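Presented below is the structure to which this report refers.
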Amino acid sequence: MAGRPAGRSNRDIGYIQQQRRLDARTPLRARDVVRQGLDGHRWGIARPGRVPWGRVRAALAAVDATNHADVPVGLLSGGEQQRVRVAQAIVADPALLLCDEPLLSLDVSSQQTIAGLVDRRRREHGTAVLFVTHEINPILPYVDRILYLVDGRFRLGTPAEVLTSETLSELYRSPVEVIRRDGLVLVAGLPAPADAHGTRWHDDGLRAEPLVS
Amino acid sequence: MTTLILGSGGAGGVWHALFDFADYGQLLALVRNSIAAGAILGIVGGLVSSLVMMRDLPFAVHGISELSFAGASVALLVGINVVAGSLVGSVLAAVLIGALGARARSRNSVIGVVMPFGLGVGVLALSLYQGRAANKFGLLTGQIVAVDTPQLAWLAGTAVVVVLGLLVIWRPLLFASTDPELAAARGVPVALLSPVFMLLLGLTVAISVQVIGALLVLSVVCTPAAAALRVTASPRAVPLLSMAFGFVSVVGGILLALGSSVPISPYVTTIAFLIYLLCGGIGRWRAARSGRPSSCSRQRRATTRCAAPPPAQATARLSRRAPSRQR
């Protein structure tokens, strides 16, 4: 991964995780959270005046969050916090950005914003992006390839190749309808014949691991 | 200069017991060691408390202090160094709590089980102890004249270890406290930092028990940072303010307690609490002026809206993910 064998940690990889609310009393401002992505792993304390605030400001600007820089991060909304996390993930200039369900529990417009910001990063800096999500539509416009996983089976291909009723029905081993309208995709499980084989969670039909690169 | 008398009769008598500044100069010379100990404790406690608040450990602090009390009582009974006893007790407790409970819920139940046991051992040792009653009481509620020079040296040495240790692990510990997964992905040894911090916390509690007593350790190792968090979110200002608050509460408490016949702890805890109230007021006032919700009201909303769902969500997500792991 990014030129090194896979392991537990790699500083050339940026990582955005599932939205998890930070406590309102967290003694960090948005810019401190972003800064952690740069030097949070270093021992000791930072000497005053040696903190690379310039890079932190640039990362916040890249996600249009300059206004939030001095706000205690616990007071930001979920979408705003996630925006700060994108800045934290890109501040160290990673070669690869791993996004693990970063859209979960965000409202529709925040989902679009976050997806758009990740895409902007990819286009402007050539960062590879691996995006794991159940929410297909917010990222569909930016996806190059999808790796669609169902119960250990998978399909790899462009969205047009993978997101079809035939392919997904085959993957799920039960009837699945893919409905397209105005560029949106709805994957819906049809009432399956009584089949002890499939577990219920397949029916949500939203499991997708699009690979953007 | 003699007593400050307000009111008369019975009230005057109580006042006299609380504040009597006759012969203050001579008293001050006698308790120089205690004031030095108080200053050290206030500063170290303030520094540690900011991390205690960030890592949500106030209950652990209380549990550690009860076991520290047990260690000190047993030491008193068998006639060995009380400081050493309280150190052993609190370090054992800190390591145990750190090792057994990585998650808040299981940690709290471990503490809830271990704490009364420790307190019971302490009470047993004290009731068997035949020496001065003041020694017994002092371990629970603090003592002022008890700090002799070797004890002060112990205390100062421990404090230096704690402060140096914290300075070394400060940044990664802060990172691991806000975002453990991410910190691990960036190469922070998260699994190592937690026990190291618990050890330093245990040392801090042990020296606090010497001065303020086992029951009131939280006023030094929790309240200062809680107050600081009400007025600032800067990661640099919180520990600095917190150290200042700790210093003012402990040293101020000792200075006031000098002119009285009661233990120092009520003075320390009252000053700490007043600082907290003041900071809370300032925080509210500033929030009302800026229009942003105060962290207090926001927290209430956040807990009603978010505190319950995440566990369910997390398990649901885990069970969903399970199949893809088979790849």
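We did not get these values from a lab; they are worked out from the coordinates using the rules stated. As the structure is a computational prediction, the values presented were derived from the model and not from experiment. Neighbour counts are summed over all protein chains in view; Cβ atoms, including those assigned to glycine, are modelled from backbone coordinates with ideal geometry.
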Checklist outcome for this item: Once the mean of 1/r over all distinct C-alpha pairs in chain A is inverted, the Kirkwood radius in Å reads 18.7 Å
Checklist outcome for this item: Cα pairs beyond 21 Å in region A:13-130, in percent, come to 32 percent
Checklist outcome for this item: Going fewest to most other Cβ atoms within 10 Å around each Cβ, B:Arg286, A:Arg50 line up as A:Arg50, B:Arg286
Item to check | Exposure proxy order (Cβ contacts within 10 Å, fewest to most) of B:Met115, B:Met53 | outcome: B:Met115, B:Met53
Checklist outcome for this item: Taking a crude spin-label model, label points 7 Å out from Cα along the C-beta direction, the A:Asp100 to B:Leu128 distance in nm is 5.0 nm
Checklist outcome for this item: Between A:Thr158 and A:Ile179, the two model label points (7 Å from Cα along the beta-carbon direction) sit apart by a distance in nm of 2.6 nm
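Throw me the Rg/Rh for region B:21-320, computed over C-alpha atoms with Kirkwood Rh, two decimals.
Computed over Cα atoms, the ratio is 1.00.
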Checklist entry - Where does each of B:His62, A:His125 land when they are ranked from fewest to most other beta-carbon atoms within 10 angstrom? => result A:His125, B:His62
Checklist outcome for this item: If R0 = 25 Å, then A:Asp64 and B:Arg236, at their Cβ-Cβ distance, give a FRET efficiency to the nearest 0.05 of 0.40
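Relative contact order for chain A: what percent, with Cα pairs under 8 Å and sequence separation of 6 or more? Don't jump to the answer; show the numbers that get you there.
Details: 344 pairs, mean separation 43.0, N = 213.
Computed over chain A, the figure is 20 percent.
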Checklist entry - Which value in deg cm²/dmol, rounded to the nearest 500, describes the helix-derived mean residue ellipticity at 222 nm for the protein assembly as shown, given -39,500 (n - 2.57) per DSSP H run of n ≥ 4 and division by the residue count? => result -19000 deg cm²/dmol
Checklist entry - What's the extension gain from B:Ser261 to B:Leu167 if we count 0.36 nm per residue and subtract their Cα-Cα distance? => result 30.0 nm
Next on the checklist: Based on alpha-carbon atoms only, what is the radius of gyration of the protein assembly as shown relative to the globular estimate 2.2 N^0.38 Å?
Outcome noted: 1.18
Checklist entry - Distance in nm between label sites at B:Asn81 and A:Ser165, each 7 Å beyond Cα in the beta-carbon direction? => result 8.2 nm
